[in-house]
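Take a look at the structure below.
The values are calculated or read from the model by the stated rules, or taken from the named source; none is laboratory data. For clarity, every value in this text was computed on a predicted model and none was experimentally measured. Glycine gets a Cβ as well: all are built from the backbone with ideal geometry, and neighbour counts include every protein chain shown. All accessible areas refer to the heavy atoms of the entire protein, side chains included, with ligands and DNA or RNA removed. Shrake-Rupley method; radii C 1.70, N 1.55, O 1.52, S 1.80 Å.
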Amino acid sequence: MSNKLRDVFNKNERILKASIQFIDADSSREFAKALSAVYKDGQAVKVKGVKSMSVSIDSGISSLPISNCESVTDVIVGPSFDEIKLSLDIDGETVVFPVIRCRIDNGCIVQTKEDFIICTKLTFNENTGTAKISLKPCIERAKDIIDVLRSVKTEKALLATFFTPGINTKSELDIAFRHLDEIYSVFEKLKYVADTFEKRFVPSSINLNDLSSQRDLYELWFALKEKKAIRLDARLVETSSTSITMGKNNPIVVNHKLDITMRSTVEYSLWGETIVLHCANYLGNAIVKSIERTEDGQLKVHYGEKESEPMYISYKGFLTEEEACEEHKTMMDHKEEYVNAKTVDQYMQEY
């Protein structure tokens, strides 16, 4: 009875123990090497040559068997992580953020948990006082755009807890911050477009490597949010028209420039969603080549360009046809906005 009571009230720490039998001595040595690799780098390693495994709990007084596995074929050894909770400052609010941590040779590893949108691994070396930063956006884990934006802010606060951005713009830290800023910029604009056009973008369908969709997104942003006049990055060809609107005090004279305005619609495709923009367009540097009357009495104008001054089209975009019509009526009163318009790529470089 006394032995049983001693077992019940024993305060010794209970330890989980495992006993492993190997096929041969070489397998035992390879297992030892794997354990060394785990402790050195914190990486999980697959091992071979395990014959059997038994697991028990040792209380210091007695041992309780838990499992006994024979004919083991697939064994992976990895680091043991514990959870810690960090207090992050996000937009002036203190947020508790859990991460996991393990000890390795000469340092430790801090990682985000599996459900976090930006998979992050920070490897600290105590001997050198340095750290390695590894992050991978897993946008498909996000519920919506707001979830992505919140996660980017959280990630930046996490990095700022351990590091301070320096003046070396080529360091891993500064590269990481720039990458996060780029992701935030894309999804901030995507939220604006989604709200403006009442669209719902699913994060799992958004490929950040789709540069065409990203460019269209920025074009919509500059046109609607920034209200920029945008110059199309395309070479026009000589043509003719029987229905054009002339600028004020702009008579049609052969070999002279001709201001031409028109309305149109532009269709964009952003990660599977179609968006239509109504536009007021300005055609610049058009040179009148010839003029003729058609049989029905209309005026037909043939126009082209000088080699040194190629034709171009600049436009402003609007949500509705009515807005585009109103702009079309008065656009020549502020023609300089269209003449001085820049391409989307130029605006992006400035931005």
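Calculate, for region 94-190, the solvent-accessible area per residue in square angstrom, rolling a 1.4 angstrom probe over the heavy atoms of the protein chains. Here the residues of region 94-190 average 52 Å² of exposed surface. Here the simple spin-label model places points 7 Å from the Cα toward Cβ, and for Glu307 and Lys48 these points are separated by 7.1 nm. The order of the peptides 96-104, 217-225 by mean Cβ neighbours within 10 Å, most packed first, is 217-225, 96-104.
Computed over region 72-164, the range of Cα coordinates on each principal axis works out to 44, 37, 20 Å, biggest value leading. At full extension, Lys143 and Arg103 could sit 11.1 nm farther apart than now, given 0.36 nm per residue minus the alpha carbon distance.
Stretching the chain fully between Ser134 and Ile291 yields a gain of 50.0 nm (0.36 nm per residue, less the alpha carbon separation). When the chymotrypsin sites (Phe, Trp or Tyr not before Pro) in region 254-292 are filtered for DSSP coil states and for at most 14 other beta-carbon atoms within 10 Å of their beta-carbon, no site remains.
So which GluC sites (Glu not before Pro) in region 168-201 pass both tests, a DSSP loop state and at most 12 other Cβ atoms within 10 Å of the Cβ?
Within region 168-201, the qualifying GluC sites (Glu not before Pro) (loop, at most 12 other Cβ atoms within 10 Å) are Glu198.
How would you classify region 250-351 from its alpha-carbon gyration tensor, with a ≥ b ≥ c the square roots of the eigenvalues: rounded for a/c under 1.5, else prolate if a/b is greater than b/c, otherwise oblate? Taking the square roots of the gyration eigenvalues as a ≥ b ≥ c, region 250-351 is prolate.
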